[in-house]
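The values are calculated or read from the model by the stated rules, or taken from the named source; none is laboratory data. Please read these numbers as outputs of a predicted model, since none were measured by experiment. Here the Cβ positions follow ideal geometry from the backbone for every residue, glycine too, while neighbour counts run over all protein chains shown. Side chains included, ligands, DNA and RNA excluded: accessible areas come from the protein's heavy atoms. Shrake-Rupley method; radii C 1.70, N 1.55, O 1.52, S 1.80 Å.
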Amino acid sequence: MKLKKPVKIILGVITFITLPSLLLFGFLYFKYHQPLPTGITGKEADNLATKMLVALNYEAYTSTDYIEWTFKNRRHYEWKKSKGICDVLWKEYKIRLDLKDHANSKAYVHGFTIEGDMGADLVEQAKCYFEKDVFWLIAPFNVFKKGVERQLVTLENNEKGLLVKYTSEDIYVWTFDDSGKPKSFYMWDSNTPIDGLEVLWSDWKILETGVKLPTRHSAVFFDMETSDIKTISN
C-alpha cells in the first residue's frame with residue numbers, strides 16, 4: 001500500500017529533524033563518552049579534598065550566612081543559610097522555601113499567597129530548582145558531608161583527580177589547578193546522557209565574605225552563567 005502524500009511529507013519532516021540530531025549525538029557520544037575510573041579511598045583523597053576547600057576559603061563559606069545569586073538569568077535566589085530559608089523568584093512567582101520544614105514553605109504570585117494544589121506544586125517546583133541550581137554554586141563545599149564518598153584517581157594525563165560520589169548517587173571527578181581550585185569535573189549522573197562529559201568551572205569570584213564561588217560552567221553543548229552574587233557573613 002502506497003503512503004499518502006501528507007503522510008510522506010510528515011515522515012520526511014520528522015526524518016529531516018531527527019536524523020541530524022541523532023548523528024550529532026552519536027558523534028558527541030563516541031567523542032566524549034568515557035568509563036568511570038576506579039580510585040582509592042583514604043588519606044590521599046581526603047588531602048586533595050582538603051586542599052580544594054582551603055583554595056576556596058571554606059572557613060569563609062562556613063561563616064557566610066547569606067548568599068544571593070541569579071542562575072542563567074532565569075531564577076533568582078536569596079538564601080539565608082543559618083535559618084534554612086531561601087526565597088526563589090522566577091517570572092511572577094516568589095516562593096519562600098523552608099529547607100528545614102518543607103511544610104512551612106509559602107508560594108506567592110504578585111505578592112498574593114497561593115494555597116491549595118497550585119501552591120503546593122509551585123513550592124515543589126521551587127525546591128527542585130533550588131536543589132539543582134545551588135549545586136552549581138557550592139558543590140565543592142559538600143565533599144565532606146555525611147554520606148559523601150571520596151577517591152583519588154589518576155587521569156589519562158597522569159593528573160590526580162578527586163572522584164566524589166554525592167548522596168544523590170551521582171559521581172563527579174574533579175580536576176584542579178596548582179592551588180587546588182577546581183578547573184572542571186567529569187560527570188556520571190542521571191541527567192547527563194554522555195558519561196564522563198567534562199564541564200568547566202571558571203570565572204571564580206572572591207565575594208564580600210572572602211569565599212570563592214564560580215560564575216560560569218561550560219561544556220561542549222551548554223554554557224551556564226551565575227550572576228549577581230552577593231554574600232553576607234554571620
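What's the total number of residues in segment 178-191 that are closer than 19 Å to G42 by Cβ and part of a strand (DSSP E or B)? Don't jump to the end; show me each part of the working.
Step one: of segment 178-191, the residues closer than 19 Å to G42 by Cβ are 180.
Now drop any that are not part of a strand (DSSP E or B), which leaves none.
Within segment 178-191, residues that are closer than 19 Å to G42 by Cβ and part of a strand (DSSP E or B) number 0.
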Next item on the list: Scan segment 164-177 and give yes if some residue there is open to solvent by 50 Å² or more (accessible area, probe 1.4 Å), in a strand (DSSP E or B), of a type outside the set (D, E) and touching a residue at least 40 places away in the same chain (Cβ under 8 Å), otherwise no.
Entry: no
Next item on the list: Can you work out which of the residues in segment 52-82 that are charged (D, E, K, R) and either under 21 Å from the mean Cα position of the chain (by Cα) or modelled with pLDDT under 95 (or both) is farthest from A139 (Cα to Cα)?
Entry: R74
Check: For residues in segment 120-161 being in contact with a helix residue (DSSP H, G or I) (Cβ under 6 Å, 6 or more places away or on another chain) and among the aliphatic types (A, V, I, L, M), which is farthest from P37 (Cα to Cα)?
Finding: V143
Checklist line | Residue tally, condition small (G, A, S) and open to solvent by 80 Å² or more (accessible area, probe 1.4 Å), over segment 198-234 | finding: 0
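State all residues of segment 145-163 that are touching a strand residue (DSSP E or B) at 6+ places or on another chain (Cβ under 8 Å), part of a loop (DSSP other than H, G, I, E, B) and among the charged types (D, E, K, R); if no residue qualifies, say none. It would help to see each step written out before you state the result.
Looking only at segment 145-163, we keep the residues that are touching a strand residue (DSSP E or B) at 6+ places or on another chain (Cβ under 8 Å), and these are 148-155, 159-163.
Adding the requirement that they be part of a loop (DSSP other than H, G, I, E, B) leaves 148, 155, 159.
Within segment 145-163, E159 is the sole residue that qualifies.
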Note to self: Condition first: in contact (Cβ under 8 Å) with a residue 12 or more places away in the chain and open to solvent by 30 Å² or more (accessible area, probe 1.4 Å). Now tell me which residues in segment 86-97 satisfy that.
What the structure shows: L89, E92, Y93, K94, R96
Margin query: List pairs: first residue in segment 219-233 and under 15 Å from T192 (Cβ atoms) and of a type in the set (V, I, T), second residue assigned to a strand (DSSP E or B) and open to solvent by less than 50 Å² (accessible area, probe 1.4 Å) anywhere in the structure, Cβ distance under 8 angstrom, at least six positions apart or on different chains.
Written below: V220/L197
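Report, by residue number, each residue of segment 192-233 that is part of a loop (DSSP other than H, G, I, E, B) and closer than 30 Å to K83 by Cα. Don't jump to the end; show me each part of the working.
Keep residues of segment 192-233 that are part of a loop (DSSP other than H, G, I, E, B), which gives 192-196, 203-204, 207-211, 214-215, 220-221.
D203, W204, L207, E208, T209, G210, V211, P214, T215, listed by residue number.
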Next item on the list: Would you be able to say whether some residue in segment 56-76 is touching a helix residue (DSSP H, G or I) at 6+ places or on another chain (Cβ under 7 Å), open to solvent by 30 Å² or more (accessible area, probe 1.4 Å) and more than 24 Å from L207 (Cα to Cα)?
Entry: no
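So, in segment 98-130, how many residues would count as being acidic (D, E) and either in contact with a strand residue (DSSP E or B) (Cβ under 7 Å, 6 or more places away or on another chain) or surrounded by 13 or more Cβ atoms within 10 Å (Cβ to Cβ) (or both)?
2
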